[in-house]
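**Q** Provided herewith is a single structure, encoded as structure tokens, for subsequent inquiry.
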Amino acid sequence: MTRAFLMSWPLFLGIFLLMVGNGSQGTLLGIRGNLEGFSTLHLSLVMSAYFAGFLGGSQLAPELIRRVGHIRVFAALASFISAILILYPTITDPWVWIALRVVFGFCMCGVYVTAESWLNSSTPNNLRGQTLSLYMIVQTGGVVAAQALPMLGDPSQYVLFVVVSVLVSISFAPILLSVTPTPTFSSTKRMGIAQLFKVSPLGCVGILLMGGVYSSTFGMASVFGTSAGLSVSQISLFIAAIYVGGLICQFPIGWLSDRMDRRRLILATAAMGAAVAVLPFLSLSFPVLLAVGAVIGGVSNPLYGLLVAHTADFLEPDDMASASGQLLFLNGFAAVIGPVITGFAMGTVGPNGFFLFLAVLFAGLTLYAGYRMTRRPAPAVSETGDFAPVLPTASVVTMEAVAESYMDSEDAEEHEEEDHAA
């Protein structure tokens, strides 16, 4: 992993700073919106708008890059991102924020696609798995570090938004200055959602449900915190706990997934998430919230990678890249709806509506995983690819890199079996 870091450290630095900016602006908007008197419904729409823009970007950004090139797209979208971060505290109207968040989500998706294209093109095949792991650590670390920013200033003022804008602007420098060749951006054949569902029903349903989990935790955690009466520092620590839990549990769960029926692990992990999400109904004390946040993050982030790996187990190598686009669409579609449903639940039953929605999604995945286990046998562990860490924020570029890592691992296993046979 050290070699992978040394080869691409400027890109990792840029991505880290970018995630600090993106992670802190989500928290700041939830807190500032509450201070401005936005309703829970308005805040849920604000948070949902980001994922709507991100979903649109996942469909349009690759074509935009093909037409005008990586550098121009990256520079243009970066300018919009910095400007939007300054506009948030300037125009504190929920409908303006909704429009800005749509544009922000689109721009962030385009920036992810561009940065990840450069990272993928600069990574040799033998370091792809290590690079994916390191990329996931850098992304999560950036979001965790971002939660310190709201505690360093007053969210009701202008300064914190300026600091976030500066951090995001600075993040583009190491990315642009470290890259000389322009990566190629190839298109892959399409696989329909119906076709993918026939191949892996659990993968499709699971990714759909986890899209709702991710958007609710990423978008609505700060809204929950303000509704529950938490202080700014407590909200920041609660959100940080979610991502720290995801980072800690990613590799042990991934290690287990390579050694057992992945459906059993998906069922057990989702069941744990459902059980823990009920605890705040018994106590809303801050230590309980921290523990619940850590466990929910600890099961939700690895679950996304588990579902991608499970889907890949039933795909032909040539179909993996095309299937990844449909998985991204399912994840993005649910992510748009997730904050709105969470906001409705919070408006109906109070702050704990946040956890009620998560519990329902985790329970749904648990039941469906159990059902699918009765429909067909699991593939032999020796025939499955190695788990590759991947976050719900991944663009089509990272998803295709994950697909390539599965193909590499399967090729390596085949060569090893041939060597043993010889």
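The values are calculated or read from the model by the stated rules, or taken from the named source; none is laboratory data. As the structure is a prediction and not an experimental result, all values here were calculated from the model. Ideal geometry is used to build each Cβ from the backbone, glycine not excepted, and the neighbour counts take in all protein chains shown.
**Q** Tally time: how many residues in the range 329-357 are touching a Ser or Thr at 6+ places or on another chain (Cβ under 8 Å), more than 30 Å from Leu60 (Cα to Cα) and either buried (at least 18 other Cβ atoms within 10 Å of the Cβ) or β-branched (Val, Ile, Thr) (or both)?
**A** Result for the range 329-357: 5.
**Q** Considering only residues that are of a type in the set (A, V, I, L, M, F, W, C) and surrounded by fewer than 17 Cβ atoms within 10 Å (Cβ to Cβ), look in the range 249-271 and name the one that is farthest from Asp386 (Cα to Cα).
**A** Keep residues of the range 249-271 that are of a type in the set (A, V, I, L, M, F, W, C), which gives 249, 251, 253, 255-256, 260, 265-268, 270-271.
Pick out the ones that are also surrounded by fewer than 17 Cβ atoms within 10 Å (Cβ to Cβ) and you get 251, 255, 260, 268.
Values: Phe251: 12, Trp255: 9, Met260: 12, Ala268: 20 Å.
Among those that are of a type in the set (A, V, I, L, M, F, W, C) and surrounded by fewer than 17 Cβ atoms within 10 Å (Cβ to Cβ), it is Ala268.
**Q** Among the residues of the range 78-101, is there at least one that is over 20 Å from Leu28 (Cβ atoms) and assigned to a helix (DSSP H, G or I)? Quick ask: steps written out before the conclusion?
**A** The initial filter retains those residues of the range 78-101 that are over 20 Å from Leu28 (Cβ atoms), namely 79.
Retained after the next criterion (residues that are assigned to a helix (DSSP H, G or I)): 79.
Yes, because at least one residue in the range 78-101 is over 20 Å from Leu28 (Cβ atoms) and assigned to a helix (DSSP H, G or I).
**Q** Okay, moving on. Could you say which residue among Ile266, Ile253, Ile248 is over 21 Å from Asn34 (Cα atoms) and under 16 Å from the mean Cα position of the chain (by Cα)? Walk me through how you get there before you give the answer.
**A** Details: Ile266 fails: under 16 Å from the mean Cα position of the chain (by Cα); Ile253 fails: under 16 Å from the mean Cα position of the chain (by Cα).
Checking each option against the conditions leaves just Ile248.
**Q** Check Gly56, Gly21 and return the single one that is buried (at least 22 other Cβ atoms within 10 Å of the Cβ), within 19 Å of the chain's Cα centre (by Cα) and small (Gly, Ala, Ser).
**A** Gly21
**Q** Look through Ala345, Ala335 and report the one residue that is free of Cβ contacts under 8 Å to residues at least 40 places away in the same chain, touching a Gly at 6+ places or on another chain (Cβ under 7 Å) and not acidic (Asp, Glu). Lay out the reasoning, then the answer.
**A** On the way: Ala335 fails: free of Cβ contacts under 8 Å to residues at least 40 places away in the same chain.
On inspection, the qualifying residue turns out to be Ala345.
**Q** Follow-up question, since we're still on this one. Helices (runs of 4 or more DSSP H) wholly in the range 183-288 with at least 3 residues that are touching a Phe, Trp or Tyr at 6+ places or on another chain (Cβ under 9 Å) and over 18 Å from Thr27 (Cα atoms) - which ones?
**A** Working: elements: 193-199, 201-227, 232-257, 262-277.
The helices (runs of 4 or more DSSP H) meeting that bar are 201-227, 232-257, 262-277.
Every residue, every condition in (1) crowded, with 19+ Cβ neighbours inside 10 Å; (2) in contact with a helix residue (DSSP H, G or I) (Cβ under 7 Å, 6 or more places away or on another chain); (3) not polar (S, T, N, Q), yes or no:
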{"residue": "Leu237", "(1), (2), (3)": "yes, yes, yes"}
{"residue": "Gly273", "(1), (2), (3)": "yes, yes, yes"}
{"residue": "Val278", "(1), (2), (3)": "no, yes, yes"}
{"residue": "Pro287", "(1), (2), (3)": "no, no, yes"}
{"residue": "Gly293", "(1), (2), (3)": "yes, yes, yes"}
{"residue": "Leu303", "(1), (2), (3)": "yes, yes, yes"}
{"residue": "Leu306", "(1), (2), (3)": "yes, yes, yes"}
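**Q** Would you check if there is a residue in the range 28-35 being more than 23 Å from Met151 (Cβ to Cβ), touching a Ser or Thr at 6+ places or on another chain (Cβ under 7 Å), buried (at least 24 other Cβ atoms within 10 Å of the Cβ) and touching a residue at least 24 places away in the same chain (Cβ under 8 Å)?
**A** At the first step, the residues of the range 28-35 found to be more than 23 Å from Met151 (Cβ to Cβ) are none.
No, every residue in the range 28-35 fails to be more than 23 Å from Met151 (Cβ to Cβ), touching a Ser or Thr at 6+ places or on another chain (Cβ under 7 Å), buried (at least 24 other Cβ atoms within 10 Å of the Cβ) and touching a residue at least 24 places away in the same chain (Cβ under 8 Å).
**Q** Residues to consider are Phe74, Phe16, Phe12, Phe54; find the one that is over 23 Å from Gln147 (Cα atoms), in contact with a helix residue (DSSP H, G or I) (Cβ under 9 Å, 6 or more places away or on another chain), of a type in the set (Phe, Trp, Tyr) and modelled with pLDDT under 90. Reasoning before the result, please.
**A** Details: Phe16 fails: over 23 Å from Gln147 (Cα atoms); Phe12 fails: over 23 Å from Gln147 (Cα atoms); Phe54 fails: over 23 Å from Gln147 (Cα atoms).
Residue meeting the stated conditions: Phe74.
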